[in-house]
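The values are calculated or read from the model by the stated rules, or taken from the named source; none is laboratory data. Fair warning: this is a prediction, and the values are worked out from it, not measured in the lab. As a convention, Cβ positions derive from the backbone with ideal geometry for all residues, glycine included, and neighbour counts pool all protein chains shown.
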Amino acid sequence: MSESHASLRPVLAAVTCYTIWGFVPLLFQAIGRMDVDPWEILTHRTIWAVPVAGAFVAMGRQRAQLFAVLARPRVLAWLVVSAALIATNWVIFILAVNTGRVLQTSLGYFITPILNMAAGALFLHERLDRIGRGAVTLAVTGVAIQAWALGHLPWISLVLAVSFCAYGIVRKRVDADAQTGLFIECSVLVAPALVYMEWLDRQGLSHFGAGQPATPWLVAAGIVTAVPLLLFAWAARRISLSALGFLQFIAPSITFVLGIAQGEPLTAVRALSFAVIWTSAGVFLWSAWRRTRKPAVDGGDAAR
């Protein structure tokens with residue numbers, strides 16, 4: 001395999017991941033129309049993601065690494081943290097898309113790359129230049145305008161952005177491959193999920209089982225959960241945060257179109273907030289492009 005083809009693989013993985021995430025609200029909305037609440041959807045996302053993640057571990061022949069991670073309490077503790085972060089993100093996302101707030105999810109994921117930049121400067125001591133500070137300032141302005149339009153802070157957008165930003169940082173730094181980390185995260189969450197599913201069944205409230213039309217859709221939710229997360233974790237360890245941030249705009253762009261197509265109100269003030277966020281995203285992308293071009297320019301000058 002050529003070097004260029006190998007370097008393209010993580011980019012294609014990230015593009016596929018974000019495209020799936022862009023259209024996934026349609027699946028959760030279909031399940032919600034069957035009177036399945038967000039907590040039951042989250043339960044089955046978790047349960048059915050476990051065998052899929054386990055299959056990836058088996059195919060990757062990572063059994064030895066799985067046991068090595070389980071024997072390292074520090075790594076395991078960080079994966080418990082990442083599991084809690086992604087579970088928070090999942091349930092807020094499901095709640096939002098099933099209550100007509102798809103545009104707020106779009107805003108949250110437009111903010112996330114800018115938040116990554118700010119978090120890198122605050123917690124990882126990464127340098128934030130004037131262009132980066134401008135992008136962050138514009139993003140904060142966009143959130144403030146959105147809060148004005150809504151009459152309150154866009155808490156759905158902020159929780160989604162903060163939880164996924166934190167998840168990405170933890171998964172990039174934790175010493176575990178994509179398949180192994182995902183399997184452990186899902187396994188951490190599966191015990192309470194199974195307890196809740198058993199409680200639903202005893203109360204006669206479960207939408208899973210023989211004769212229940214939601215059954216195949218709930219299983220599909222687990223598959224759609226595991227596959228893009230695996231692609232994301234695999235790509236995040238192989239391409240730069242700047243490249244990952246650039247590609248991340250695919251998903252919220254798709255969900256923005258979905259929200260408008262489904263008739264969510266886009267007032268002039270909300271449209272202004274998105275325009276400011278898109279401008280901040282453009283500034284972010286320009287800054288990322290300049291950083292990737294600078295070594296090449298410097299190298300060219302040195303060669304002259």
Only one residue in 112, 46 is modelled with pLDDT under 90 and β-branched (Val, Ile, Thr), so which one is that? 112
Could you say whether any residue in the stretch 230-247 is within 28 Å of residue 127 (Cα to Cα), of a type outside the set (A, V, I, L, M, F, W, C) and surrounded by 22 or more Cβ atoms within 10 Å (Cβ to Cβ)? no
Is there a residue being among the aromatic types (Phe, Trp, Tyr), assigned to a helix (DSSP H, G or I) and modelled with pLDDT of 90 or more anywhere in the stretch 264-276? no
Confirm whether residue 66 is over 18 Å from residue 224 (Cβ atoms), crowded, with 20+ Cβ neighbours inside 10 Å and among the hydrophobic types (A, V, I, L, M, F, W, C). yes
Determine the pairs where a residue that is touching a residue at least 24 places away in the same chain (Cβ under 8 Å) and hydrophobic (A, V, I, L, M, F, W, C), located within the stretch 185-214, has a partner that is surrounded by fewer than 17 Cβ atoms within 10 Å (Cβ to Cβ) and outside any loop (DSSP other than H, G, I, E, B) with Cβ atoms under 6 Å apart, the partner being 6 or more residues away or on another chain. 188/80; 208/215
